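Participant: Here it is: the structure, laid out below.
Just so it is clear, none of the values below were taken in a lab; they were calculated from the coordinates. Since we're looking at a predicted model, the values are computed, not measured. Counting neighbours? That spans all protein chains shown, and the Cβs are built from the backbone with ideal geometry, glycine included.
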Amino acid sequence: MKLRDLDVIITSPPAPGWGGRYWILVKVTTDTGIVGWGECYASSIGPNAMTHVIKDVFERYFLDENPENIERIFRRTYSSGFTQRPDLTVMGAFSGLEIACWDILGKDRDRPVWALIGGKMNERVRAYTYLYPLPHHSMQDFWGSADMAAETAVELVRQGYTAVKFDPAGPYTMRGGHQPAMSDISQSVKFCKTIREAVGDKADLLFGTHGQFNTSGAIRLGQALEPYAPLWYEEPIPPDNLLEFSKVAQAVGIPIATGERMTTKAEFATLLRTGGASILQPALGRAGGIWEMKKLAAIAEVFNAQMAPHLYAGPIEWAANIHLAVSIPNLLIAETIETDFHRDLIKGSIKIDHGYVPAPTAPGLGIDVDEALARAHPFDGDGLHLQMQDEPCDYQNGNNFIGGSPIKM
């Protein structure tokens with residue numbers, strides 16, 4: 001069996017666009033006619049440029065290769081152009097193609113992917129989601145309203161979720177780490193207090209920051225949140241200096257979680273060796289794919305760290321996350337996004353059941369991709385998957401992070 005054909009589909013989720021402005025799907029076909037699906041979570045360059053990167057990586061390292069040879073293909077790609085170091089763009093292309101290879105192998109053997117990477121450790125995967133506006137909420141007002149956030153949290157607990165994530169602090173700015181405004185700290189404390197009072201001990205609080213703060217600023221904010229016992233403090237500083245995470249971890253009594261902007265076991269290993277994080281959040285469409293993150297899970301075991309696969313993309317990456325999660329002993333939880341488009345794109349073939357995802361049973365990734373639906377929603381914008389604002393932190397008038405992709409008109 002050899003890999004022969006590649007098709008790249010850029011699909012854009014309808015408004016409000018939870019999961020990003022677009023998703024990069026790859027369809028790989030073998031000479032025996034088996035089709036595998038993957039998703040590249042790569043956002044450093046635009047989707048047109050990324051399509052060329054994916055095709056280049058496929059033609060150099062995947063074309064006419066046996067999809068079983070994951071390790072060989074990884075090493076060739078990781079070493080591309082005399083690099084042998086983490087590269088977000090190249091590894092983003094590799095990751096989606098690698099996921100497609102596992103889908104092919106599972107279908108060829110009539111087994112779920114988790115059965116090929118160690119078998120079933122977990123019968124079901126605990127899931128969490130962001131606090132998104134309910135239908136009656138004002139989209140603009142929601143992100144600054146602790147009361148609306150708490151209302152959504154109560155509804156999610158009613159649905160069976162046992163953990164909810166929110167990120168009320170500061171601007172999503174390209175200017176690097178900064179000190180939080182006092183209003184950011186006050187608003188963050190208010191969100192934690194209000195949501196904790198609303199859900200009690202029925203759900204964990206997952207506090208996100210998107211790497212907005214410098215080291216001392218992250219410590220100030222984290223210490224203010226300690227009374228509300230969040231399960232984690234996510235990406236408190238930018239990911240460009242991994243050694244600084246340990247300073248935050250030592251000073252704040254909340255577990256540090258991070259990883260959505262990191263790639264390969266090499267970057268994550270720095271965090272583990274320095275005690276910078278105890279919860280790892282790889283995005284499998286960027287971090288090196290299923291096998292590379294299976295290796296990371298094994299390394300994390302040695303450091304008593306847990307895995308919490310990240311998702312701000314489409315349902316194909318989510319499916320890969322779930323198969324990894326089913327197979328590992330140090331799973332904490334996995335992110336999910338529930339929208340009609342996420343469900344419809346895989347025809348509801350993997351479902352959330354009262355806050356948990358049962359282990360898939362169908363071959364490969366266990367998903368039935370609606371290719372026509374994906375092609376019916378092409379991306380026609382000029383933005384990136386996610387973007388950061390130019391303006392700095394506002395210390396006079398306060399800040400507001402409007403979660404995820406902006407509203408589409």
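Participant: Going by average Cβ neighbours within 10 Å, how do the peptides 89-99, 108-118 rank, with the highest at the top?
Facilitator: 89-99, 108-118
Participant: What relative contact order, as a whole-number percentage, does the range 206-352 give when Cα pairs under 8 Å and 6 or more residues apart are counted?
Facilitator: Rounded, it is 17 percent for the range 206-352.
Participant: Taking P(r) over Cα pairs in 20 Å bins from 0, in percent as the quantity of interest, determine which of [x] 23, 51, 25, 1; [y] 26, 58, 17, 0; [z] 28, 61, 11, 0 was computed from the displayed structure.
Facilitator: Entry [z].
Participant: Hey, which lysines would be in cross-link range of Lys295, C-alpha to C-alpha under 20 Å, not counting anything within fewer than 8 residues on its own chain?
Facilitator: Once the sequence-local lysines are set aside, what remains near Lys295 is Lys120, Lys265.
Participant: Sticking with this structure for a sec: Calculate how large, on average over all directions, the projected area of the Cα convex hull of the range 3-110 is; give the answer in nm² to one decimal.
Facilitator: 7.1 nm²
Participant: Hey, what number do you get for the chain at 222 nm if only DSSP H runs of n ≥ 4 count, each worth -39500 (n - 2.57), divided across all residues, to the nearest 500?
Facilitator: -11000 deg cm²/dmol
Participant: Identify which of Asn241, Asn48, Asn214 has the largest mean-square fluctuation in a Gaussian network model of the chain, with springs joining Cα atoms closer than 10 Å.
Facilitator: Asn241
Participant: Something else about it: Taking every DSSP beta bridge that has both residues in the chain, what percent is antiparallel when rounded to the nearest 5?
Facilitator: 50 percent
Participant: Note down, for the range 67-108, the three equivalent ellipsoid semi-axes (square root of 5 times each alpha carbon gyration tensor eigenvalue), biggest first, whole angstrom.
Facilitator: After scaling each eigenvalue by five and taking roots: 21, 11, 5 Å.
Participant: Sticking with this one: How far is helix 88-109 tilted, in degrees, relative to the longest principal axis of the Cα atoms in the chain, given as a value from 0 to 90 rounded to the nearest 10?
Facilitator: 60 degrees
Participant: Helix 315-327 versus the longest principal axis of the chain: what angle, 0 to 90°, nearest 10, using Cα atoms?
Facilitator: Tilt relative to the chain: about 90 degrees.
Participant: Let me ask something else about it. Taking the dipole about the Cα centre of the chain, with the C-beta of Lys and Arg at +1 and of Asp and Glu at -1, give me whichever of Val28, Ala298, Thr83 is farthest to the positive side.
Facilitator: Ala298
Participant: While we're on this one: Sorted by mean Cβ packing within 10 Å, highest first, what order do the peptides 15-23, 128-136 take?
Facilitator: Result, highest mean Cβ count within 10 Å first: 15-23, 128-136.
Participant: Each residue of the range 15-28 in turn: what ³J(HN,Hα) in whole Hz from Karplus with 6.51, -1.76, 1.60 and θ = phi - 60°, glycine and Pro shown as x?
Facilitator: Values, residue by residue: 3, x, x, 4, x, x, 5, 7, 10, 9, 9, 10, 10, 10 Hz.
Participant: Further question: What does the charge dipole of the chain about its Cα centre add up to, to the nearest 20 debye, if the Cβ of each Lys and Arg holds +1 and the Cβ of each Asp and Glu holds -1?
Facilitator: It works out to roughly 780 debye.
Participant: Can you give me the Cα centroid spacing of the range 162-223 and the range 314-328 in angstrom?
Facilitator: If you average the Cα positions of each part, the centres end up 27 Å apart.
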